Amino acid sequence: MDSMGPLQNGSSVAIIGGGPGGTACAIALLHQASVLGRTIHVTIYEGKIFAEDTHHNQCAGVVSPPITDILENQLRVSFPFQLVQRKITGYVLHGNRRALVLDGPEDKPSYAMRRNEFDHYMLEQARQVGATIVRGRVTDLEFHADGVHIYSESDYRHVNVVVGAFGLDDGTAAVFSRTTNYAQPRFLQSIVTKFHPPSEFMGPGVCRIHAFLPAAPQIEFGAITPKTNHVTINTAGAHLDTHWMETFLSSSGVHEAIPFPAGADSLDTLHLPYFKGRFPISIARNFYGNRYVLVGDAAGLVRAFKGKGINSACLSGIWAAQCMLRSGISRQAFADDYVNSCHAILIDLPYGKAVRRLVILGSRLGLVDRVIATAEREPALQQALFDAVSGHRNYRDIILDLLHFPLLWRLGRTFVSVPQPAG
Ligand SMILES: Cc1cc2nc3c(=O)[nH]c(=O)nc-3n(C[C@H](O)[C@H](O)[C@H](O)COP(=O)(O)OP(=O)(O)OC[C@H]3O[C@@H](n4cnc5c(N)ncnc54)[C@H](O)[C@@H]3O)c2cc1C
């Protein structure tokens, strides 16, 4: 058990976390090992029970292109169309007083699902290809020259390599930080709620997500996502709390987008349940090393703004699996192979961060309405906004496309003219 070369017959892998990153990694490991004629043992530890609505990973549950390709072609898992609650074909981007409809191509929709049903489905797919699922949380790790010892609430194992797919779980990040040089990514807080608007609002034609860039400094963005008979509402910000969530929910933009039921004149009468989640906004420090690799949110491997985190988690899980089978499980193997596979995400981060800062500044100065007004006349800017909000293209390409002199000139004029006070 002492080689740190590619995984061989009889090698064992422990994956901490059965979200999209962990399950994609397990499925990819087992498929690719069988193609190579190797038998490896993959264990997924998952502390939550996704069936019967018991536990949730906080999420709006929207999966977007190329998720069908990732599942069907890269993981050989059928896309769970049976779980789709609503097909999403566009967005409505809200400033303070203006809103802009951004519709995408009909043949590249996103799909809104219940996230725990998606997680349950993926965990079941991993089980079917041969992964062992251990119900319970990993509580500690020990790294030794010949392998990793895994302590959990349910069992004890000695494996060749451990994959951290535990999202932004503080407890598990602390275990990794204590036993390796890993440091958790920075993150935004998010509050999520669910609300049943009057049924006439939830007709089959409702196919757009409302995206908000409010001027309130504590709210970086908000979104309303239509599901079958309800909407999921989420906000994000560095220091978000229920007060700011309620400020957002009481705003005129939200009320124009989703009418509250007759008689619900105050939020108190709606008894909305609140849940807290997190979005990573930086790369984790030392997200790989000898005998360990981090994937998905735990590694901070997501777009810097408007994450598309499910896709990134699946992809980084697949790339980690390829590296372990092709190059090995040493720090050097991950640095050469895994990091190279993550290049597309890593190279886009500075661009995404720059866009995020610009958007925050623009919202605070009340300039979003002006950008929307310019986009109403400029198809190139409208396309760029759609690509950014939907996450369909990376920020680098969006910015390069916008570096078109006449458009930049007109946008510049938008920003230098005297801003209106935010209403
Ligand atoms: C409010 C909100 C809305 C979002 N909406 C979307 C969206 O619509 N579309 C999208 O693509 N992305 C969305 N995201 C992002 C997306 O949820 C994440 O990027 C994605 O889930 C990351 O997947 P993961 O596998 O890395 O981690 P997670 O999905 O967080 O999975 C980690 C798993 O590890 C388990 N775990 C943790 N510690 C242990 C332990 N010690 N032992 C055992 N198990 C453990 C947890 O129980 C969990 O199931 C949203 C995020 C938030 C906060």
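Observations on the model:
- Near the amide H of Ile88, within less than 5 Å, lie the amide hydrogens of Ser110, Tyr111, Ala112, all on another chain or at least 5 residues away, with H placed in the peptide plane.
- DSSP beta bridges in the chain [antiparallel fraction, %, rounded to 5]: 70 percent
- Over the chain, the ratio between the Cα radius of gyration and 2.2 N^0.38 Å evaluates to 1.01.
- Backbone HN-Hα couplings from phi across region 24-31 [Karplus 6.51/-1.76/1.60, Hz, Gly and Pro as x]: 5, 5, 5, 5, 5, 4, 6, 5
- Loop sites in region 237-319: trypsin sites (Lys or Arg not before Pro), DSSP, at most 16 other Cβ within 10 Å: none
- Of the peptides 101-108, 222-229, the order by per-residue mean of other Cβ atoms within 10 Å, starting with the highest, comes out as 222-229, 101-108.
- Set of aspartates and glutamates near Lys108 by C-alpha distance (under 14 Å), chain-local residues within fewer than 8 positions excluded: Asp69, Asp387
- For a modelled paramagnetic label at Glu256, 7 Å from Cα along Cα-to-Cβ, the residues of region 74-100 in reach, with backbone nitrogen under 15 Å, are 92-100.
- For the pair Gln332 and Glu124, a Förster radius of 45 Å applied to the C-beta separation gives a FRET efficiency near 0.80, rounded to the nearest 0.05.
- Note on Ile347 and Glu200: the extension gain reaches 48.5 nm, defined as 0.36 nm multiplied by sequence separation minus the Cα-Cα distance.
- Equivalent ellipsoid, region 216-327 (semi-axes from 5 times Cα gyration tensor eigenvalues, Å): 38, 15, 11
- Taking θ as phi - 60° and the Karplus parameters 6.51, -1.76 and 1.60, the scalar couplings of region 112-120 work out to 9, 10, 7, 4, 5, 5, 5, 4, 4 Hz in sequence order, x denoting glycine and proline.
- The chain: most fluctuating residue of His210, His255, His392 per GNM, C-alpha cutoff 10 Å: His255
- Reciprocal mean inverse distance between Cα atoms of region 5-158 - Kirkwood radius, Å: 17.6 Å
- Bridging of Lys276 to lysines at a Cα separation below 21 Å is possible for Lys48, Lys194, Lys227, Lys306, Lys308, once same-chain residues fewer than 8 apart are set aside.
- Inter-label distance, Phe81 to Ile399: 3.9 nm, where each label sits 7 Å from its Cα along the C-beta direction.
Values quoted throughout were computed directly from the atomic coordinates according to the rules given, and no laboratory measurement underlies them. Everything numeric here is computed off the predicted structure, so don't read it as measured data. Note that we place each Cβ from the backbone using ideal geometry, even for glycine, and neighbour counts take in every protein chain shown.
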